[in-house]
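A short write-up of the structure that comes next.
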Amino acid sequence: MWQRYNQFKERGLKLDMSRGKPEKAQLDLSVPMLRIDDGWIDDDFISEDGIDVRNYGDPTGIPEAKRLFSELLGVPAGQIIVGGNSSINMIHDTLTRALLCGPMEGDTPWAKLPRVKFICPVPGYDWHFHMCETLGIEMIPVELEPGGPDMDKVEQLVKDPAVKGLICVPMYSNASGITFSDETVMRLASMKTSAPDFRIVWDNAYCVHHLYENDRDSLMNIYDACVAGGNPDRVLMFTSTSKVTFAGGGVAAMGASPANIARHGALLTCQLVCYDKLNQLRHVRFLPDKAAVEAHMAKHAEIMRPKFEFILDVFEKELSGTGTWSQPKGGYFICYYAPEGCARRIVELCRDAGVTLTPAGSPYPHGIDPKDSTIRIAPTYPPFSELRLVIELFPVAVKIAVAEKYGN
Ligand SMILES: Cc1ncc(COP(=O)(O)O)c(C=O)c1O
């Protein structure tokens, strides 16, 4: 095995598979959006409500962009705030407001409480965990099962009034690729929490990121479930076009109850005059509705699908019986679950042979994977031709690490 490994090493590979970034061919799909002659007419900068998008105005977004995100998030357009280029930024702002001002007028600002805890389904998104850590929110990891977090555990934890929220990626989850079941959504929406200002941060970043036309996960509308459960203010939903158009150059949005939107809309006005409405209008001219987004996402899937299938095929051939892995139908990641105690070593071996993976442990709060088992693989960034050349390194690294730990 070392001989095969050294052969990889001698090839002088250099590949970054650490983050879920689109590859160039995916970014190229949205370039027509930037062409003046394709999307803009000389003086056609006026949004539906008559605002010139080149000027100040519409702090919560232009109406046509609200309509688009209302379709994606499943709430009326009046319950949408269209933001800037980042949903992570909107989530950070939302949590910061809860900490400094309280989730609603009259609520105690969370930062004035002795402890604020959030439930964090794991494996999860490292950026959520950095954010909570930086903001002083204690994280309680709860294992993700095939249908979502262990709900018996969640229902137990929310009896603690210091548990103020849960942060998750409910569809094609980063990192495990699972989608919350209807039962999970209903239990989250209707469970009894000790904290009346309990919030679910529903980061639906991958809501339209299906790999297959006819074999897709579907996610129940949690806002409707919260209303039915008598908890309309419980959920704060987010998404963005970072992985639809341009990563870091897209448009983000938040959807929630009328009371939450009123609260955040009001607090927003001391933060900025308005977001980038030119980008909002550019986006809706290019992708006017959900049907257009889905047609566009089918083109992304054409580029991404062969990579996912190739990796899964290599795992099947080379790793059967050694660890397990996810088989996602969408999203950006494959998770490999190594035999316990091997993940760090596998990532190290790959790194030493020129392939950078997401650091082992990063899908867990504070970077601590108690089993040292989960490895998030991000197949999207390298073009397929490069991915093909290097992915066979991974099983070799796995076999070496497992042999070192457990013997042959
Ligand atoms: C779950 C999740 N949320 C949010 C983001 C980032 O979104 P944005 O670019 O809108 O901040 C990512 C990117 O990897 C992600 O995986």
With x for Gly and Pro, the residue-by-residue ³J(HN,Hα) of the stretch 116-129, computed from phi through the Karplus equation 6.51 cos²θ - 1.76 cosθ + 1.60 at θ = phi - 60° and given in whole Hz, is 10, 10, 10, 7, 10, x, 10, x, x, 8, 4, 5, 4, 6
Helix 277-286: inclination vs the chain longest Cα principal axis, degrees, rounded to 10, gives 70 degrees
For ALA252, the net charge from surrounding residues (Cβ-Cβ under 11 Å; K, R +1; D, E -1) works out to -3
The size of the Cβ-based charge dipole (Lys, Arg +1; Asp, Glu -1) of the stretch 167-227 about the Cα centre, to the nearest 20 debye, is 260 debye
Under 5 Å from the placed amide H of VAL142, counting only residues 5+ away or on other chains, we find CYS120, VAL122
Computed ³J(HN,Hα) along the stretch 254-269: with the Karplus parameters 6.51/-1.76/1.60, θ = phi - 60°, integer Hz and x for glycine or proline, the list is 10, x, 6, 5, x, 5, 5, 5, 4, 4, 6, x, 5, 5, 4, 5
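Taking only C-alpha pairs under 8 Å that are 6+ residues apart, what is the relative contact order of the stretch 66-204 in percent?
20 percent
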Only helices counted: for the chain, with every DSSP H run of 4 or more residues adding -39500 (n - 2.57) and the sum spread over all residues, [θ] at 222 nm is -11500 deg cm²/dmol
Heads up, the chain by the C-alpha gyration tensor (a ≥ b ≥ c square roots of eigenvalues; a/c under 1.5 rounded, else a/b over b/c prolate, else oblate) looks oblate
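How much net charge surrounds LEU99 when only other residues with a Cβ under 10 Å from its Cβ are counted (Lys, Arg +1; Asp, Glu -1)?
+3
If we count other beta carbons within 10 Å of each Cβ, what is the order of LEU387, LEU27, fewest first?
Ordered from fewest to most neighbouring Cβ atoms within 10 Å, LEU387, LEU27 come out as LEU27, LEU387.
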Expressed as a percent, the portion of alpha-carbon pairs in the stretch 145-196 spaced more than 13 Å apart is 58 percent
The size of the Cβ-based charge dipole (Lys, Arg +1; Asp, Glu -1) of the chain about the Cα centre, to the nearest 20 debye, is 960 debye
Counting only DSSP beta bridges with both partners in the chain, the antiparallel fraction in percent, to the nearest 5, comes to 45 percent
By the Cα gyration tensor axes a ≥ b ≥ c (a/c under 1.5 gives rounded; else a/b larger than b/c gives prolate, otherwise oblate), the shape of the stretch 353-408 is oblate
Expressed in nanometres to one decimal, the distance between label points 7 Å along Cα→Cβ at LYS112 and THR134 is 2.6 nm
Of all stretches in the chain that avoid GluC sites (Glu not before Pro) placed in a DSSP loop and having at most 11 other Cβ atoms within 10 Å, the longest is 214-408
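May I ask you to list the trypsin sites (Lys or Arg not before Pro) in the stretch 29-130 that are in a DSSP loop and have at most 16 other Cβ atoms within 10 Å of their Cβ?
Taking the stretch 29-130 and a limit of 16 other Cβ atoms within 10 Å, the loop trypsin sites (Lys or Arg not before Pro) found are ARG35, ARG54, ARG115.
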Dividing the mean separation of Cα pairs under 8 Å (6+ apart) by the residue count of the chain yields a relative contact order in percent of 25 percent
Quick calc, the stretch 240-388, dipole around Cα centre from Cβ unit charges on Lys, Arg (+) and Asp, Glu (-), nearest 20 debye, gives 520 debye
Computed over the stretch 295-354, the relative contact order (Cα-Cα under 8 Å, seq sep at least six) in percent reads 21 percent
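Each value in this text was obtained by applying a stated rule to the coordinates, not by laboratory testing. Bear in mind that the values here come from a model prediction, so they are computed numbers and not experimental data. Backbone-built Cβ (ideal geometry, glycine too); neighbour counts: all protein chains shown.
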